[in-house]
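Let me begin by presenting the structure, written as structure tokens, before commenting on it.
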């Protein structure tokens, strides 16, 4: 359903600290207090202005201004989504949302954004069906609901109370008069930001060197000036420290080979170790702003693992592959704001975010099951071979790290799918999001973002899926070009 009414100034993005998406119990709505009905008998514009200025989505407070001259519950849901900052349905080609999906989106986004208080204007125009939808929203999320109505005559107030009773909103506390309504609304929000976050700027690194881990840091020191080397070395050190920490916390030391006087052959990582390695590499590079940053982090990780007698091999054509840090874009506050503003449907928003932080193909991402996202929404697990070759021995699955800013989007999508009728954990999370070329183009047009992975030829597996690890069964080795304390390297 296309909307043309401009978005109010109270729009905002997803909270930086989203609430859990577990629906509150009915007692949560009771704990929030009764529904407050503010009867503005004088129809004073100051009440409307105070309600709009009170809104602060970043702190869980929104004001909904229903579209006039319509009684459609779907329009009211879109008005709520607009107040939440989801206003991407305003152009003619945008996705339409019918009544039930729109209200499911309202509940999921409210939980994801941590909405606690809601003011609804023009409550005297609400129908019983619209009030029922508001009551369900309140029960499912535990929000504190405030309704502002213009009812100067006693008959109008009685009729409004009858509508509340029909909608099973029985715990209503009335406040009459302009002064009392203004006092009940409270002060305007302080330091309320309007508009998208500023653009992010990351100082670029020089072109990535094709040197192996044995000489990578030394070559950077020789070929780069002081400022460039400092930035490159910072990424290298981060990968080095992360790898050593991950190895100490995650992988047990291998069984020592029998002492025969000859070095034992390297032992390849097993199934679970390979999956852990893939997830570590994805987490290490998912926030990387460029391929150069990614290469530096990976070389540092290789050096760090070598100090613990673990060899990490990555593809030689690393920068021409796909995957985290190569064909991905960091989910900055600006990117998340764009996604949530342009895509009111939680499934579409999560799908475009997943394309950005996985950097993989749509065909592989479409295999993601609801159960493939862990409860903490920290990783996506895709068993491609298990779905294609049913009954075959298990192989290492594809794993991708979910960056913190994308987790509210994935939580909202999971909740949306679980609330959809006839849904099971084995069903696809992104069903009907990619599909045909036309559907994918529509999704990209709605999102307003460029997705690097879609412009890549995808000649093989993602780079972190093609990486392999071995235990060397040798005494602890020094990193090839890492001197004590990671000091300067001299040619």
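Values quoted throughout were computed directly from the atomic coordinates according to the rules given, and no laboratory measurement underlies them. Please read all numbers here as calculations on a predicted model, not as lab measurements. Note that we place each Cβ from the backbone using ideal geometry, even for glycine, and neighbour counts take in every protein chain shown.
With labels modelled as points extended 7 Å from the Cα through the Cβ direction, what inter-label distance (nm, one decimal) is found for residue 379 paired with residue 96?
4.2
Just to verify a number: FRET efficiency for residue 180 and residue 53, C-beta to C-beta distance, R0 = 22 Å, to 0.05?
0.80
Among 117-123, 96-102, what's the highest-first ranking by average C-beta atoms within 10 angstrom per residue?
Order by mean packing, descending: 117-123, 96-102.
Using Cα pairs closer than 8 Å and at least 6 residues apart in sequence, work out the relative contact order for the chain, in percent.
It comes to 19 percent, rounded to a whole number.
Provide the gained length on full extension for the span residue 317 to residue 418, in nm with one decimal, where the gain is 0.36 nm per separating residue minus the Cα-Cα distance. All intermediate terms of the calculation are to be shown ahead of the outcome.
Values: separation 101, 0.36 × 101 = 36.36 nm, distance 4.05 nm.
Gain on extension, residue 317 to residue 418, equals 32.3 nm.
Where does the Debye-calculated log10 I(q)/I(0) of region 333-455 sit at q = 0.14, 0.16 Å⁻¹, using only Cα point scatterers of equal weight, no solvent?
-0.57, -0.75
So what's the back-of-envelope 222 nm ellipticity for the chain, counting only DSSP H runs of four-plus at -39500 (n - 2.57) apiece and dividing by all residues, rounded to 500?
-12500 deg cm²/dmol
Of the listed peptides 421-429, 394-402, what is their order by residue-averaged count of other C-beta atoms within 10 Å, with the highest listed first?
The most tightly packed comes first, giving 394-402, 421-429.
When you count, for each residue, the other Cβ atoms within 10 Å and take the mean per peptide, how do 374-387, 270-283, 136-149 rank with the highest first?
Working: 374-387: 15.2, 270-283: 20.4, 136-149: 22.1.
Packing order, densest peptide first, comes out as 136-149, 270-283, 374-387.
Could you work out the relative contact order of region 244-376, using alpha carbon pairs under 8 angstrom and six or more residues apart, expressed as a whole percent?
Working: 87 pairs, mean separation 29.8, N = 133.
This gives 22 percent for region 244-376.
Expressed as a whole number of Å, what is the distance separating the alpha-carbon centroids of region 401-455 and region 200-258?
So the two Cα centres are separated by 33 Å.
Taking 0.36 nm per residue of separation and subtracting the Cα-Cα distance, what length does fully extending residue 466 through residue 173 add?
Values: separation 293, 0.36 × 293 = 105.48 nm, distance 6.28 nm.
Extra length available between residue 466 and residue 173 comes to 99.2 nm.
DSSP beta bridges in the chain, what fraction antiparallel, as a percent rounded to 5?
The answer is about 45 percent antiparallel.
For a Förster distance of 25 Å, can you work out the FRET efficiency between the beta-carbons of residue 265 and residue 207, rounded to the nearest 0.05?
0.10
Once you have the Cα-Cα distance between residue 272 and residue 455, take 0.36 nm times their residue separation minus that, and quote the gain in nm to one decimal. Don't skip to the answer; put the middle values down first.
On the way: separation 183, 0.36 × 183 = 65.88 nm, distance 3.22 nm.
Stretched out fully, the residue 272 to residue 455 stretch lengthens by 62.7 nm.
Relative contact order for region 333-455 using alpha-carbon pairs under 8 Å, separation at least 6, rounded to a whole percent?
About 38 percent, as a whole number.
Is the C-alpha gyration tensor of region 26-185 telling us rounded, prolate or oblate? Criteria: a/c under 1.5 is rounded; beyond that, a/b larger than b/c is prolate, otherwise oblate. Present the calculation step by step, with values, prior to reporting the outcome.
Values: a/c = 1.44, a/b = 1.39, b/c = 1.03.
Verdict is rounded for region 26-185.
From the square roots a ≥ b ≥ c of the eigenvalues of the alpha-carbon gyration tensor of region 289-361, which class results: rounded (a/c under 1.5), prolate (a/b over b/c), or oblate?
prolate
With a ≥ b ≥ c taken as the square roots of the eigenvalues of the C-alpha gyration tensor of the chain, please select rounded if a/c is under 1.5 and otherwise prolate if a/b is larger than b/c or oblate if it is not?
Cα axes put the chain in the prolate bin.
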